[in-house]
1. Check off (1) at pLDDT 95 or above; (2) farther than 20 Å from ILE39 by Cα; (3) among the hydroxyl-bearing types (Ser, Thr, Tyr) for SER161 and give me the number that stays unchecked.
2. Scan SER40, SER93 and give me the residue that is touching a residue at least 24 places away in the same chain (Cβ under 8 Å), of a type in the set (Gly, Ala, Ser) and closer than 22 Å to LEU118 by Cβ.
3. Could you look through the range 156-179, keep only residues that are farther than 20 Å from PRO74 by Cα and out of contact with any helix residue (DSSP H, G or I) (no Cβ under 7 Å at 6 or more places or on another chain), and pick out the one that is surrounded by the most Cβ atoms within 10 Å (Cβ to Cβ)?
4. Search the range 120-155 for residues being farther than 21 Å from ILE39 by Cβ and modelled with pLDDT under 95, and hand back the single one that is surrounded by the most Cβ atoms within 10 Å (Cβ to Cβ).
5. Among the numbered criteria (1) within 27 Å of GLU71 (Cβ to Cβ); (2) without any contact (Cβ under 8 Å) to a residue 60 or more places away in the chain, which one does ALA124 miss?
6. Of the residues ALA65, ALA28, ALA69, which single one is within 20 Å of ASP153 (Cβ to Cβ), part of a helix (DSSP H, G or I) and within 14 Å of the chain's Cα centre (by Cα)?
7. Filter the range 107-143 for residues that are under 13 Å from the mean Cα position of the chain (by Cα) and among the polar types (S, T, N, Q) and give the result.
8. Which residues, taken from the range 140-170, are part of a helix (DSSP H, G or I) and charged (D, E, K, R)?
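The values are calculated or read from the model by the stated rules, or taken from the named source; none is laboratory data. Bear in mind the structure is a predicted one, so any value in this text is a computation, not a measurement. All Cβ positions, glycine included, derive from the backbone under ideal geometry; neighbour counts span all protein chains shown.
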Amino acid sequence: MFATPGTPTSDEPTLGLHLNRLNHEKIAKHRKLGQPLIISDVQQPATTCWPRSIKTRSRVHYYLADRFAEEHRPGSLGVLLDQDGSITETSTSNLAVVLNGKIHSPPAERVLSGVTQLMTEIIADDLGILWVKQPVQMDQLLMADEVLLMGTDGGIWFANSVSNQIISDGLPGPTYERLRSEFDLMTGIATD
C-alpha cells in the first residue's frame with residue numbers, strides 16, 4: 001500500500017495498493033535449498049537523502065543491486081552496501097549472519113525494518129539465541145556459519161552462498177532450522 005500527497009486541488013492523499021502473486025514453488029525451494037547472494041557494488045542511498053525506516057518511491061538501488069547479482073549469478077539476490085562498506089539488506093529481505101552461535105544484523109537505522117525480522121528476533125530471544133545489532137562487515141558475511149534472510153513474501157529462508165562462496169556446505173544450518181521451525185508454528189505455515 002502506498003500514499004501520495006494527492007492532487008493539487010485535493011486536501012486528501014491518493015492511496016494505492018500494489019499486489020503481486022506469491023511464487024509458492026520458488027519460496028519453498030529457497031526455504032529448502034537456500035538462495036544465492038551476490039555482494040553488489042550498489043550503495044544504499046545516504047540517510048541524508050531519506051530515512052531508511054520508510055519505504056520510498058524509488059527502488060532503483062534495489063533494482064541495480066539485483067541486476068548486478070543476476071549478471072554474476074542468475075537467480076541470486078544483490079546485497080546492498082552502506083557508505084562505510086558494511087552490508088545492509090537485499091531488495092526482498094532483511095539479512096542476518098550467524099557467527100559462533102550469535103546472530104548479527106545491521107542496526108535498525110541502517111535498513112528498512114521488517115516485520116518478519118522482528119518476529120524472528122522474538123523467536124530467537126525465546127530460544128535463548130543472542131541477537132546483536134551492529135554493522136555487519138563484508139568479511140563477516142563471507143565467513144558466516146549461516147546467513148539468514150527474512151521477508152514478507154518468503155518468511156524466513158537462508159543463503160546457500162555469498163558471491164559464489166558456499167555457506168554451511170550450501171545446506172540449512174541448525175540456527176536456521178530452529179528459527180524456521182518456530183516461525184512456521186507461529187505463522188501456521190505447513191512444514192515441508
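1. Failing condition for SER161: (2).
2. Numbers: SER40 fails: closer than 22 Å to LEU118 by Cβ.
That would be SER93, the only listed residue that is touching a residue at least 24 places away in the same chain (Cβ under 8 Å), of a type in the set (Gly, Ala, Ser) and closer than 22 Å to LEU118 by Cβ.
3. Within the range 156-179, the subset farther than 20 Å from PRO74 by Cα is 156, 168, 172-179.
Imposing the further condition that a residue be out of contact with any helix residue (DSSP H, G or I) (no Cβ under 7 Å at 6 or more places or on another chain) reduces the set to 168, 172-178.
On the way: SER168: 20, PRO172: 18, GLY173: 19, PRO174: 12, THR175: 21, TYR176: 23, GLU177: 13, ARG178: 14.
Checking each candidate, the answer is TYR176.
4. Within the range 120-155, the subset farther than 21 Å from ILE39 by Cβ is 120-131, 152-153, 155.
Among the residues that remain, those that are also modelled with pLDDT under 95 are: 152-153, 155.
Working: THR152: 11, ASP153: 14, GLY155: 20.
Looking at residues that are farther than 21 Å from ILE39 by Cβ and modelled with pLDDT under 95, I get GLY155.
5. (1)
6. Values: ALA28 fails: within 14 Å of the chain's Cα centre (by Cα); ALA69 fails: within 14 Å of the chain's Cα centre (by Cα).
Within the list ALA65, ALA28, ALA69, the selection yields ALA65.
7. Answer for the range 107-143, where residues must be under 13 Å from the mean Cα position of the chain (by Cα) and among the polar types (S, T, N, Q): SER113, THR116, GLN117, THR120.
8. Quick first cut of the range 140-170, residues part of a helix (DSSP H, G or I) only: 140-142, 168-170.
Across the range 140-170, the qualifying residue is only ASP169.
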